[in-house]
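Have a look at the structure below, then the notes.
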């Protein structure tokens, strides 16, 4: 019985996240979620008494997933760590886009009047990676860089890329090509600050990232060179 309850609960969460993402929190009634899962509304409210309880659980899981990804120790070149975390952040934002887009519909905003600690921590992670890159001599010495300002600028570009895809381009399903374009916008800000060797390190890291995540039809290892030459 416990396993059955757990399975039903997971199905409810999965269906809710998909429906909330696709049509919005306010436009998704509990009855539709129940119908999608194949259970009665009464069975659904046994697991989650109110729709907002579903959001709380999905939000809690999303935040924990993000924290776990950033806390996972990574070895190897800084460029590989950087691009992998950047790709994860964009994908995570898309998979949980309703949490940011529909926040006002849940009741009181989650961080009304105070900073979002996860966003603050994310910018600090970005800053720490830039500082490591500076230590490794990846930035041009002729530039007088404010790394804290640069970290915020880079975070803003990446944070709102998925919103751009949805609101400006009308995209319903993000592919690797869409993620890769977001990476190019991010690096359009970062690359002018790098030495030739530093830029090449990131170009190679992006190629390795594409090898891991692109389908054969999407694989475009030449995209970095094309974008850079444009």
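The values are calculated or read from the model by the stated rules, or taken from the named source; none is laboratory data. Keep in mind that what you see is a predicted model, and the values were worked out from it rather than measured. Here the Cβ positions follow ideal geometry from the backbone for every residue, glycine too, while neighbour counts run over all protein chains shown.
Checked against (1) over 30 Å from residue 19 (Cβ atoms); (2) part of a helix (DSSP H, G or I), residue 145 meets all criteria but (2).
To keep it simple, each residue is scored yes or no on (1) in contact (Cβ under 8 Å) with a residue 60 or more places away in the chain; (2) surrounded by 12 or more Cβ atoms within 10 Å (Cβ to Cβ); (3) in a helix (DSSP H, G or I).
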{"position": "114", "(1), (2), (3)": "no, no, no"}
{"position": "126", "(1), (2), (3)": "no, yes, yes"}
{"position": "132", "(1), (2), (3)": "no, yes, yes"}
{"position": "182", "(1), (2), (3)": "yes, yes, yes"}
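Quick one: in the stretch 166-180, which of the residues that are part of a helix (DSSP H, G or I) and in contact (Cβ under 8 Å) with a residue 60 or more places away in the chain is nearest to residue 87 (Cα to Cα)? Only one residue tops the list, namely 179. Pairs are defined by a Cβ separation below 8 Å, a sequence spacing of at least 6 or placement on different chains, a first member in the stretch 47-76 that is more than 17 Å from residue 92 (Cβ to Cβ), and a second member that is loosely packed, with under 13 Cβ neighbours inside 10 Å and modelled with pLDDT under 95; the pairs so defined are 47/5; 52/107. Comparison of 211, 222, 116 shows that the only residue that is under 17 Å from the mean Cα position of the chain (by Cα) and modelled with pLDDT under 90 is 116.
Residues considered: 39, 12. Of these, the only one that is at pLDDT 95 or above and under 22 Å from residue 172 (Cα atoms) is 12. Return the residue satisfying two criteria in turn: it lies in the stretch 158-180 and is over 19 Å from residue 98 (Cα atoms) and in contact with a helix residue (DSSP H, G or I) (Cβ under 8 Å, 6 or more places away or on another chain), and of such residues it is surrounded by the most Cβ atoms within 10 Å (Cβ to Cβ). Top of the filtered list is 180. Being under 25 Å from residue 189 (Cβ atoms) and either at pLDDT below 90 or assigned by TED's automatic domain parsing to the domain that holds residue 149 (or both) is a property that residue 103 lacks.
For beta carbons closer than 7 Å, sequence separation of 6+ or different chains, a first residue in the stretch 92-103 that is in contact (Cβ under 8 Å) with a residue 40 or more places away in the chain and a second that is part of a loop (DSSP other than H, G, I, E, B) and buried (at least 17 other Cβ atoms within 10 Å of the Cβ), the qualifying pairs are 94/174; 98/25; 102/25. Every condition in (1) touching a helix residue (DSSP H, G or I) at 6+ places or on another chain (Cβ under 8 Å); (2) closer than 27 Å to residue 167 by Cα holds for residue 70 except the one numbered (2). The set of residues in the stretch 37-51 being surrounded by 13 or more Cβ atoms within 10 Å (Cβ to Cβ) and over 15 Å from residue 7 (Cβ atoms) consists of 41, 45, 51.
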